[in-house]
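Q: Could you have a look at this structure, given as structure tokens, before my questions?
The values are calculated or read from the model by the stated rules, or taken from the named source; none is laboratory data. Just so you know, these numbers come straight off a predicted model, no measurement behind them. Because the Cβ atoms are built from the backbone with ideal geometry, glycine has one as well, and the counts that use them run over all protein chains shown.
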Amino acid sequence: MRLLIAPNAFKNSLTATDAAVALRDGFAASRLEAVCRLFPVADGGDGTADLLVDALQGSKISGSVNDPLGRPIDAWFGLIDQGRTAIIEMANASGLRLLKPRELNAMRASSFGTGQQVLQALDKGARKIIVAMGGSATTDGAIGMLQALGVRFRNSAGDALEAIPASFNQMDSIDLSGLDPRVNDSEIIVLCDVDNRLLGAKGAAAMFGPQKGASDAEVRQLDQGLQRFAMLVKAANGKDISDMAYGGTAGGASAGLYACINAKLVHGIEYFLDMTGFDQALEGADLVITGEGSIDEQTLQGKAPFGVARRARRKGLPVIGIAGKVPLDDSAALAAYFDMLLAIGEGPCDLATAMKHTAQNLRRTGLALGNLLTVKPT
């Protein structure tokens, strides 16, 4: 049997590659005679740049940038296509993983460092910039990135403001005159891993602000600030970012880049699968196995396992979804894409313990599934 093992990362536990290896090791220990091809995937979240650079035989370039709180750090980005294309992962310079829990500060966290990486990529000669936006610590509508690229945000007196969320309520105009001219000569592509809008109850601040340290009051303030930013954008260039698809990605950074530098927003998993030749990999498969930390009906809104399963279905291939958590109740919507959903947990335990044993549980699940696939009815 030819197995295509294509999981996403198990967030805060295992990378997509490590998850694929654990499943392969389980199948290898089973009675099933199988050839496993590992095809770890990503949808724009943490680890996307690593996978793309590896899959496309690129190189990594390190440079000094600011972290979300303005402290100097070293962060890398990738170059592919003989240096013509850069792959930047926002989490490398502006990610939650760079901050300790006590350091989370939603009103000051800035995406400036990611903008510095864009400049470094331009300095290297790249004129196509792909930005994977998952895992950010920011809710700044990309004003930090844009400031790094030369955009200025001014108050009513014409003074330049510090490009942090706390400045939104003073912002009166957007000055694009200082934008690095190389940006206008480049193609900027943003990989979006969520389809949330910018504003409102399911917007950038409300959905993701709390995990970035925002209190209830700060969530309201951030939403109001992003609303003000959207109003200024519309006044400046006529673009309405308030209700656009994918506008809430990375604290509204996707919307800000679209508004001010004409970035193209794309569905992260679909773009990833196209870039890495996933359809060709399906040609040699009998069974597709995908997964991530949780699979439920929200997965169907564009998460990586859904992208994998949908393409496998087009080829008429069976799909098994493996996750730390799956729904207790049957779901016709999920059943349309997954022949089976398997939870990897051994028994009741707290989340921290379950995450600690993700690799072990994936190996055990692969072993059990492999043995199951050898059973023939008598």
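Q: Checking Lys325 against (1) modelled with pLDDT under 95; (2) surrounded by 20 or more Cβ atoms within 10 Å (Cβ to Cβ); (3) of a type outside the set (S, T, N, Q), which single condition isn't satisfied?
A: Going through the list (1) modelled with pLDDT under 95; (2) surrounded by 20 or more Cβ atoms within 10 Å (Cβ to Cβ); (3) of a type outside the set (S, T, N, Q), Lys325 breaks only (2).
Q: Inside the range 222-260, can you point out the residues that are out of contact with any Ser or Thr (no Cβ under 9 Å at 6 or more places or on another chain) and surrounded by fewer than 21 Cβ atoms within 10 Å (Cβ to Cβ)?
A: Correct list: Gln224, Arg228, Asn237, Gly238, Lys239, Asp240, Ser242, Asp243, Ala245.
Q: Still on this model: Of the residues that make up the range 184-194, is at least one of a type in the set (Asp, Glu), without any contact (Cβ under 8 Å) to a residue 40 or more places away in the chain and over 30 Å from Phe10 (Cβ atoms)?
A: Looking for residues that are of a type in the set (Asp, Glu), without any contact (Cβ under 8 Å) to a residue 40 or more places away in the chain and over 30 Å from Phe10 (Cβ atoms), one finds none in the range 184-194, hence no.
Q: If you take the residues of the range 68-90 that are out of contact with any Phe, Trp or Tyr (no Cβ under 9 Å at 6 or more places or on another chain) and not in a strand (DSSP E or B), which of them is surrounded by the fewest Cβ atoms within 10 Å (Cβ to Cβ)?
A: Result: Gln82.
Q: Could you check the range 31-56 and list, in sequence order, the residues that are within 16 Å of the chain's Cα centre (by Cα) and part of a loop (DSSP other than H, G, I, E, B)? Explain how you work it out, then say what you get.
A: Just the residues of the range 31-56 that are within 16 Å of the chain's Cα centre (by Cα), to begin with: 40-53.
Selection gives Pro40, Val41, Ala42, Asp43, Gly44, Gly45, Asp46, Gly47.
Q: A further question on this structure: When you look at Ala148, is it aliphatic (A, V, I, L, M), buried (at least 19 other Cβ atoms within 10 Å of the Cβ) and free of Cβ contacts under 8 Å to residues at least 40 places away in the same chain, yes or no?
A: Considered against the rule, which asks whether it is aliphatic (A, V, I, L, M), buried (at least 19 other Cβ atoms within 10 Å of the Cβ) and free of Cβ contacts under 8 Å to residues at least 40 places away in the same chain, Ala148 comes out as yes.
Q: Being farther than 30 Å from Glu162 by Cα and in contact with a helix residue (DSSP H, G or I) (Cβ under 6 Å, 6 or more places away or on another chain) narrows it down to one of Asp81, Asp43, Asp50, so name that one.
A: Asp43
Q: Determine, yes or no, whether Leu198 is surrounded by 15 or more Cβ atoms within 10 Å (Cβ to Cβ), part of a helix (DSSP H, G or I) and in contact with a helix residue (DSSP H, G or I) (Cβ under 7 Å, 6 or more places away or on another chain).
A: No.
Q: Any idea which of Met133, Met145 is at pLDDT below 95 and under 16 Å from Val118 (Cα atoms)?
A: Result: Met133 is the single residue among Met133, Met145 that is at pLDDT below 95 and under 16 Å from Val118 (Cα atoms).
Q: Scan the range 229-252 and tell me whether some residue there is of a type in the set (Lys, Arg) and assigned to a helix (DSSP H, G or I).
A: Yes, the range 229-252 contains a residue that is of a type in the set (Lys, Arg) and assigned to a helix (DSSP H, G or I).
Q: Still on this structure, please answer the following. What pairs can you find where one residue is in the range 164-177 and more than 22 Å from Asn66 (Cα to Cα), the other is hydroxyl-bearing (Ser, Thr, Tyr), and their Cβ atoms are less than 7 Å apart, with a gap of 6+ or different chains?
A: Asp172/Ser156
Q: Look at the range 181-204 and say how many of its residues are farther than 18 Å from Val266 by Cα and either aliphatic (A, V, I, L, M) or not assigned by TED's automatic domain parsing to the domain that holds Ala253 (or both).
A: Qualifying residue count for the region: 3.
Q: I would also like to ask the following. Give the range 333-368 a look and list any residue that's touching a Ser or Thr at 6+ places or on another chain (Cβ under 6 Å) and surrounded by 20 or more Cβ atoms within 10 Å (Cβ to Cβ), or say none.
A: Ile344, Thr358
Q: Checking Glu187 against (1) of a type in the set (Asp, Glu); (2) buried (at least 16 other Cβ atoms within 10 Å of the Cβ); (3) in contact with a strand residue (DSSP E or B) (Cβ under 7 Å, 6 or more places away or on another chain), which single condition isn't satisfied?
A: Here Glu187 meets the rest and fails (2).
Q: Among the residues of the range 1-30, which ones are in a strand (DSSP E or B) and farther than 20 Å from Thr48 by Cβ?
A: Arg2, Leu3
Q: If you scan the range 330-378, which residues turn out to be assigned to a loop (DSSP other than H, G, I, E, B) and β-branched (Val, Ile, Thr)?
A: Ile344, Thr374, Val375, Thr378
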